[in-house]
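Student: Here it is: the structure, laid out below.
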Amino acid sequence: MAEEYSDFDPSEETLKAARSAAGGFNPALVVLLVVIGVVLLFVVGNYVLYSYAQKTLPAKKKKPVSKKKIKRERLKRGIAPPGE
């Protein structure tokens, strides 16, 4: 049995050659793809939530305008208030 594996040489050169032949993914590329995937998922999720909210939520109510502001606007236009 030992004769079958007599040409096995676990030197550093053969280990490097085996690793380069195996290939694999570039770690920077993997990180970049993961980050792009997370950002894309975030943007798509926000768009879906926004479109859902536009369909289901009621319209935002406007603030009531105070009588003081209405009177001031009428005075700017030159309309005399009643009773004066």
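Every number here is computed from the coordinates shown, using simple stated rules; none is lab data. Bear in mind that the values here come from a model prediction, so they are computed numbers and not experimental data. Using ideal geometry, Cβ is built from the backbone for each residue, glycine included, and neighbour counts are taken over all protein chains shown.
Student: Which lysines, on any chain, are close to residue 68 with Cα under 29 Å apart, when same-chain ones fewer than 8 places away are left out?
Tutor: Straight-line reach from residue 68, under 29 Å: 60, 76.
Student: Mind pulling the per residue volume of the convex hull built on the Cα atoms of the range 12-77? Å³ is fine.
Tutor: Convex hull of Cα atoms, per residue: 193 Å³.
Student: What lysines does residue 69 reach when the alpha-carbon gap must be under 21 Å and sequence neighbours fewer than 8 apart in one chain are set aside?
Tutor: Hits, sequence-local ones excluded: 61.
Student: Rounding to the nearest 20 debye, state how big the charge dipole of the range 12-77 is about its Cα centre with +1 on each Lys and Arg Cβ and -1 on each Asp and Glu Cβ.
Tutor: With only Lys, Arg, Asp and Glu charged at Cβ, the dipole is about 2040 debye.
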